[in-house]
Amino acid sequence: MQEYNILLFKIKDEFFGADAEEIDEIMEYENNDIGNETILLTYLGDVLGTEVTANSTDSKKVIVTGDNGEYRGFIVDEVIQLLRVPESSIHDAPEILLTEQNKYIDKFCITDKQLFPMINLSKLGVHIKSGEK
């Protein structure tokens, strides 16, 4: 049975996940430097339409993805853990849930303990690069 590695994180007080294969690095919020590379930073809460939290930046992390040498950083409020889940735990999002605001959430993960949406970072990165939100 095939398994997936999913990075579990929080935006505001909600859990989200992303395929760990799409992630190059996880960095502290204050230290978002990859050598000489410039990283375009985007707070995932803005993309999903949530308000910016008034919390300190102590637990904020930057999830870094790269494509053809171009890096993007997605700011999350907290990284929880890396989960290994069976393929049967990953489900396509129902069409009715796919709106303009959450078009980057195309899958859900259901584990014994929780259900959370999965953000497609590759799809999101392409839209940010093209100037969309």
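Structure summary
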{"read-out": "Extension gain from GLU14 to GLN81, taking 0.36 nm per residue of separation minus the Cα-Cα distance", "value": "22.7 nm"}
{"read-out": "Flagged links, alpha-carbon separation over 18 Å, of LYS103/LYS123; LYS60/LYS113; LYS60/LYS123; LYS12/LYS107; LYS61/LYS107; LYS60/LYS103", "value": "LYS60/LYS113; LYS60/LYS123; LYS12/LYS107; LYS61/LYS107; LYS60/LYS103"}
{"read-out": "FRET efficiency, ASN5 to LYS123 (Cβ-Cβ, R0 22 Å, nearest 0.05)", "value": "0.75"}
{"read-out": "Reach of LYS10 by Cα under 14 Å, taken over aspartates and glutamates that are not fewer than 8 positions away in the same chain", "value": "ASP46, GLU51, ASP58, ASP77, GLU78"}
{"read-out": "Length released on extending from LEU98 to LEU115, taking residue separation times 0.36 nm less the Cα-Cα span", "value": "4.4 nm"}
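Every number here is computed from the coordinates shown, using simple stated rules; none is lab data. Only a predicted model underlies this, so the values are computations on that prediction, with no experimental measurement involved. All Cβ positions, glycine included, derive from the backbone under ideal geometry; neighbour counts span all protein chains shown.
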